[in-house]
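The values are calculated or read from the model by the stated rules, or taken from the named source; none is laboratory data. Every value quoted in this text rests on a predicted model; they were computed, and no experiment measured them. Note that each Cβ is placed from the backbone with ideal geometry, even for glycine, and that neighbours are counted across all protein chains shown. To get the accessible areas, we keep the full protein, side chains included, count just its heavy atoms, and leave off ligands, DNA and RNA. Shrake-Rupley method; radii C 1.70, N 1.55, O 1.52, S 1.80 Å.
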Amino acid sequence: MAESSETLESKESLISKEPESNTIASEMSEKEDEFDPKTMRKTKPGIKRLTLIVAVLFSFIAGLPFLLKSIEIYRSPLPFREIDTLTKSFESSTLNIPCRFQVVYLGFSLQESEDHQSYVEKQGFMISDQMRKLIGNDTVCGGCGNNYTVSVTMESGADCVRNSNFGTACLWQCGSVDSSRLKDDDEASDELLNSALHGVDGCSDLGGKVYTVMVINKDEETRTVVGKHRHAWIAGKVTEMDAVPMIANVFVKFFMNGGKEGGLVQGEFMPVGADGKVVLSFSLLNADPQDWIYDWDFKKLSTIFVAPVVEALEAVANISIESQVLYHTPKSSFSFWDEKLSSFVFSTKDLPFFVNSNEWHLDTSIAAGGRSKILHFVVYIPSAGECPLVLQLPNEKISMTNGFISPMWGGVIVWNPSNCLRDSNSRHPVRHTLSPQDLQKVFEVFIGQLRQLFGLHSDNHFTAPSGVSSFLTSERGFAEWELDALSRYYTCSNLISCVTTLGSLSKLVQSLPRMIIKDEIGKQVKVSLEAARLAQYNASLGVYDSSTVSSRQARALAEDAFFHPSIMSISYYSFEHCFAIYTPFFLPVSLHILFAAIKEVKRYKQERTKYFAWKAKVKLKS
């Protein structure tokens, strides 16, 4: 009975549970019918995939600064604004360097009836006006232009009157020289005036260069003499009014323009290298050593003839000297025999073909490095088959120097042996040495050729068109007033070249942002600007030598910066070039990672939206 009762209870319990299970099943089926897997999800989406792809993308982004740093171009900062300011200052106005002139009248009587001070002032105005007429409006770079002053001093016995143009510093000291001591000996008179004019201390330093014309009243024919220092004198029967145009002519034509009508040689034809260096290469050429062999003692004679010239031009250029003797060096041009002259003749038409570049190995200098300039001075000794050899000028006259120059190259002198017969038929001709007398004549011609290359006359004996009776030559080859003119012109030319080079460098650097600019270039540019400003300042004070040296340094540094090897080696390393190199390596991988990250972010947003949608529906049902 007990077992049967238990069985009945278990059956009853099973029967009672069946309705409950049916209820739960029905509820589950209803919930499943309400859940849409396309728009809902019951579990929260994971972030492992998103974290992984974002970490990879972040690693690429974090490595981008290192990549940019590895391809970064170092650029030293350049003073672009200062360069533009300096360029505009030169474009707006021509550089005119101040000049100081003074006129001293000796032996002229002062009229008691007129105001002496007013008369002297009037003389100064008349001379200045005459100078302005001669100068005109065409101002030359490096010339004085209208930036000059004229002082007039009239000394008569114990009376001495001076105009009030510019003080008394470095001017004529009344009573320094008695006019009776000035005799016909021009050399002695020149030295006497020089000692009197430079007796004041400091007159050769800052702004102390004063150009003087002495007008001496004498009972003799009027003569105008230009000395080898910074003064000239007009002596003879001449009135103050008649002397005015003569004084202005000396001031403008000689002391301003260096003796040339249109000024000195232009900057692009200057025989000075961009680095301010010049190599004077002297060569002795034996056309045919089978006829004769000539040599020279160049080292000894160069100290006598060449060293003073180098010292005189030290402000304009850094000059070095070298020499050589060459053999088997025939000329390229032809010559013909002239019975009247009893000589072989070559004309000026043959000069372009005279230099034999195939046989004359002249460019062997080791001193001319970088952008230095070489000036060749050649002594050509012809062979016995064309000796004597003379140069015929266009007017059919024979050249007195028997030489010629080639601008920017140098000069040639044809030296004929005294006896044009060959030594002998032996295989070893006798060696000769040029005598000191012959070499002195040769070097005098060389100095004249060097003067021509620098834009001056070959010598100081050009009297006819100048209105000057005599010019005194200097043992240094250049008068002081000529050196001053060279310094002024070279200062201006160097500064223009410096400004042009720095301006080109500035435009080049700004147009190429990927160009390497080393600290050395930046330093060169800054020092060049400082030297240019110093040259301008010294020029404004009339300190010619210092301004020339500073301008030469400014030009050399500007050229060094522009032609720096680092600029030339990578001047076209543009950003496009860099992009083309690195794109094949990084672009494919970067695009895949970027697209994968975008796709994963979109997927995560969608799955999270599904989860929130299911959560919201469940919340509404409950």
Listed pairs Lys260/Lys526; Lys38/Lys621; Lys133/Lys277; Lys44/Lys599; Lys122/Lys218; Lys253/Lys441 exceeding 27 Å between Cα atoms: Lys260/Lys526; Lys133/Lys277; Lys253/Lys441
5 Å is the cut-off here: which amide hydrogens, built 1.01 Å from N in the peptide plane, fall below it relative to Val215, excluding neighbours closer than 5 in sequence? Val104, Tyr105, Leu106, Ile234
Show Met246, Met256 ordered by accessible area, largest first, where the area counts protein heavy atoms only and the probe is 1.4 Å. Met246, Met256
Students often check this: by mean Cβ neighbours within 10 Å, which of 313-319, 357-363 ranks highest, and how do the rest follow? 313-319, 357-363
Largest to smallest accessible area among Glu322, Glu339 [probe 1.4 Å]: Glu339, Glu322
Show me the GluC sites (Glu not before Pro) within segment 55-114 that DSSP assigns to loop and that have at most 12 other Cβ atoms within 10 Å of their Cβ. Glu72, Glu112, Glu114
In square angstrom, what is the accessible area per residue of segment 277-454 with a 1.4 angstrom probe? 50
Percent of Cα-Cα distances greater than 26 Å, calculated over segment 277-454: 29
Rounded to the nearest 10 Å², the 1.4 Å probe accessible area of Leu193 is 0
Descending accessible area (1.4 Å probe), largest on the left, turns Asp36, Asp185 into Asp185, Asp36
Ordered by residue, what ³J(HN,Hα) values in Hz, to whole numbers, does segment 576-593 give under the Karplus form 6.51 cos²θ - 1.76 cosθ + 1.60, where θ = phi - 60° and Gly and Pro are x? 4, 5, 4, 4, 5, 6, 8, 4, x, 7, 9, 5, x, 5, 4, 5, 4, 5
Name the GluC sites (Glu not before Pro) in segment 540-622 that are in a loop by DSSP and that have at most 12 other C-beta atoms within 10 Å, would you? none
Charge tally for neighbours of Gln324 with beta carbon under 15 Å away, counting Lys, Arg as +1 and Asp, Glu as -1, is -4
Please list, in chain and number order, the residues 5+ apart from Gly143 or on another chain whose amide H is under 5 Å from its amide H, with Hs placed from the backbone. Ile97
Enter the accessible area of Arg476 (Å², nearest 10), with the probe set to 1.4 Å and all protein chains included. 70
With a point put 7 Å past each Cα toward its Cβ, work out how far Thr87 is from Lys44 in nm, to one decimal. 6.6
Have a look at Gly448, Met400, Leu351 and report the one farthest towards the positive end of the charge dipole of segment 277-454, computed about the Cα centre with Cβ charges (Lys/Arg +1, Asp/Glu -1). Gly448
For segment 608-621, Karplus-derived ³J(HN,Hα) couplings (6.51, -1.76, 1.60; θ = phi - 60°; whole Hz; x for glycine and proline) come out as 5, 5, 4, 4, 5, 5, 5, 4, 5, 6, 5, 5, 5, 5
